[in-house]
Amino acid sequence: YINDRGNGLANTFAKLNNGEKINVLYMGGSVTNGTGASERELTSWRGIIGNWLAHNAGKGKVNNVNAAYGDTCSLFGAYRLNAEILPEEPDLIFVEFGINDMYNSGKRGYNLKDSTAQFETIIRNLRKALPDCDIVTVLITERGTLNPNGLQAYAQAHENICIAYNVPSIHAGRALAKEIALTGKAWSDYSGDSAHPNDLGYSIYAGPIKTYLDAELKANGENTAVTN
């Protein structure tokens, strides 16, 4: 479920190793915002990962910024980029729009081609404006698209952009689907509706992200060189 590409999180940990304060942004929809979690800043995947980073910052410091809005897709994200995201000067950004792009399909003429273009706009302009910012795409799921072995069309389109731009991606939704398949439990054990995890579901989403962070922390233990 972990697709490490390009520079990975080398710049993130180099800055922390240098004792810097880094800005970590979480850009996406309601699942990134933490809807369904008992305490969004603690038990959502964003809260879990934000706290992991804060506790593993070493000499540095981490400023976690919630830049997620419910029911928003890549189109809205692309329009927000210049006004709301780039001014925060993120050093690390997590981007999650695959499910809401699917949900917005057919609305206002929005379709798979547009979704792909808007998501690429986000990635390309992040790279252009902030060349030393590490980017990670998080791909989640919902009740109707559970699949431990593959991605729904909109998530796959985002994965294709990640491949083209050498952006790491985490298939958190596939990890949850695999968990459900292995345990025999129902979707309702992990979510209170069709899309938003409860604390248990969020812990599964956070699992492969934490595994990736652990690996990058270990790989960059002595790294102090920031590149773009």
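Quick rundown of the values:
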quantity	calculated
Residue within the stretch 35-56 that is at pLDDT 95 or above, touching a His at 6+ places or on another chain (Cβ under 6 Å) and either of a type in the set (Gly, Ala, Ser) or assigned to a helix (DSSP H, G or I) (or both) present	yes
Single residue of the stretch 86-107 satisfying the filter (outside any loop (DSSP other than H, G, I, E, B), of a type outside the set (A, V, I, L, M, F, W, C) and open to solvent by less than 10 Å² (accessible area, probe 1.4 Å)) that is farthest from Arg174 (Cα to Cα)	Asp101
Meets criteria (within 26 Å of Lys15 (Cβ to Cβ) and free of Cβ contacts under 8 Å to residues at least 24 places away in the same chain) for Lys210	no
Condition check for Gly77: in a loop (DSSP other than H, G, I, E, B), touching a residue at least 24 places away in the same chain (Cβ under 8 Å) and of a type outside the set (Ser, Thr, Tyr)	no
Out of Leu126, Leu151, Leu130, Leu139, sole residue that is farther than 27 Å from Glu39 by Cβ, touching a His at 6+ places or on another chain (Cβ under 8 Å) and not charged (D, E, K, R)	Leu151
Qualifying position, being of a type in the set (D, E, K, R), open to solvent by 70 Å² or more (accessible area, probe 1.4 Å) and not in a helix (DSSP H, G or I), among Lys185, Lys210	Lys185
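This table checks each residue for (1) open to solvent by 60 Å² or more (accessible area, probe 1.4 Å); (2) among the aliphatic types (A, V, I, L, M); (3) free of Cβ contacts under 8 Å to residues at least 60 places away in the same chain.
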position: Gly109; (1), (2), (3): no, no, yes
position: Ala129; (1), (2), (3): no, yes, yes
position: Val136; (1), (2), (3): no, yes, no
position: Thr141; (1), (2), (3): no, no, yes
position: Gly144; (1), (2), (3): yes, no, yes
position: Ala164; (1), (2), (3): yes, yes, yes
position: His171; (1), (2), (3): no, no, no
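The values are calculated or read from the model by the stated rules, or taken from the named source; none is laboratory data. Quantities reported herein were computed from a predicted structural model and do not represent experimental measurements. All Cβ positions, glycine included, derive from the backbone under ideal geometry; neighbour counts span all protein chains shown. Keep in mind that these areas ignore ligands, DNA and RNA; they rest on the heavy atoms of the full protein, side chains included. Shrake-Rupley method; radii C 1.70, N 1.55, O 1.52, S 1.80 Å.
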